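The values are calculated or read from the model by the stated rules, or taken from the named source; none is laboratory data. Computed from a prediction, not measured in an experiment: that's the story for all the values here. All Cβ positions, even for glycine, are placed from backbone atoms using ideal geometry, and neighbour counts span all protein chains on display. The accessibility values were calculated without ligands, DNA or RNA, using every heavy atom of the protein model including side chains. Shrake-Rupley method; radii C 1.70, N 1.55, O 1.52, S 1.80 Å.
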Amino acid sequence: MSDNKPSGFHASTGVHAGAQKRRSDAKVVQLDEGQVREAYRRWAPVYDYTFGAISTAGRRHAVEIVNAGTGRVLEVGVGTGLSLPDYKKHLDIVGIDLAPEMLEKARERVKAEKLTNISGLYEMDASNLRFPDNSFDKTVAMYVITVVPDPQKVMQELSRVTKPGGEVMLINHFSQEDGVRGWVERQMAPFADLVGWHSVFDVSRVMVCPELKLIDRKALRPWGIFTMMRFRKEEAANQRPVAAE
């Protein structure tokens with residue numbers, strides 16, 4: 001009896017053989033912290049005029065959403081601080097980055113533009129945040145997850161430092177299996193250590209925290225290359241108040 005599944009479909013994985021083969025054809029390079037630091041040391045002098053320019057639309061979209069809220073905000077991967085002038089003054093902004101060269105430029109920006117709502121810029125590893133649990137009302141990671149060596153650990157840290165009821169927001173590139181774009185991404189995959197990010201990166205790699213509920217997902221300009229994902233952190237079941245009988 002036919003099960004009406006297309007030829008080459010693997011029931012055990014739920015993935016078509018062609019898609020599975022395309023993923024396996026892309027040689028995945030595992031980044032380490034030293035490679036990331038070196039890549040962004042090279043990028044720092046020209047970042048604002050290269051990738052910084054490409055990422056403008058996504059960055060402004062994220063900040064617009066953050067500005068509608070209140071409280072304390074953590075920007076993970078703050079880079080040269082391109083987003084910092086756009087945050088409204090009622091917010092308390094903390095930024096971290098792994099690259100000291102990037103942070104130096106961010107601090108210069110804060111000083112030059114007299115940004116009084118930036119309460120700290122710290123050199124810090126996103127997979128080992130030195131903040132207590134439940135420290136921030138919103139945690140934002142823009143163009144970060146494809147850079148880090150351990151995305152799952154970073155997602156867990158973003159969740160940990162966000163208050164229950166707060167939000168974790170990602171702006172990121174997620175790879176596409178088919179078409180010209182998918183082919184280009186697979187060709188770039190072996191050069192991750194040189195460019196400093198993974199061109200082949202599946203969205204499933206950020207769906208790892210059960211307490212983070214996806215509340216919004218949107219493709220962003222330019223050309224839908226980047227995606228915004230917003231998660232709300234739910235309270236742990238054992239911390240929820242019990243209704244009175």
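The table that follows gives values for the structure above.
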{"read-out": "Residue check, L129 on the phi < 0 side of the Ramachandran plot, open to solvent by less than 30 Å² (accessible area, probe 1.4 Å) and assigned to a loop (DSSP other than H, G, I, E, B)", "value": "yes"}
{"read-out": "Filter result (out of contact with any helix residue (DSSP H, G or I) (no Cβ under 9 Å at 6 or more places or on another chain) and either assigned to a helix (DSSP H, G or I) or closer than 16 Å to L129 by Cβ (or both)) within the stretch 91-112", "value": "V94, L103, E104, R107, E108, K111, A112"}
{"read-out": "Hey, P149 at pLDDT 95 or above, farther than 24 Å from V63 by Cα and part of a loop (DSSP other than H, G, I, E, B) or not", "value": "no"}
{"read-out": "Test result for K138, out of contact with any Leu (no Cβ under 6 Å at 6 or more places or on another chain), closer than 19 Å to G81 by Cα and modelled with pLDDT of 95 or more", "value": "yes"}
{"read-out": "Those residues of the stretch 67-87 which are β-branched (V, I, T) and buried (at least 22 other Cβ atoms within 10 Å of the Cβ), in sequence order", "value": "V73, V76, V78, T80"}
{"read-out": "Number of the exception - R107 against (1) open to solvent by 10 Å² or more (accessible area, probe 1.4 Å); (2) within 19 Å of L158 (Cβ to Cβ); (3) of a type in the set (D, E, K, R); (4) modelled with pLDDT of 95 or more", "value": "(2)"}
{"read-out": "Count of residues meeting criterion [farther than 12 Å from G77 by Cα and surrounded by fewer than 19 Cβ atoms within 10 Å (Cβ to Cβ)] in the stretch 88-104", "value": "6"}
{"read-out": "Unmet requirement for N134, which otherwise passes all of (1) in a loop (DSSP other than H, G, I, E, B); (2) open to solvent by less than 50 Å² (accessible area, probe 1.4 Å)", "value": "(2)"}
{"read-out": "Test for V66: is it in contact with a Leu (Cβ under 8 Å, 6 or more places away or on another chain), touching a residue at least 60 places away in the same chain (Cβ under 8 Å) and outside any strand (DSSP E or B)", "value": "yes"}
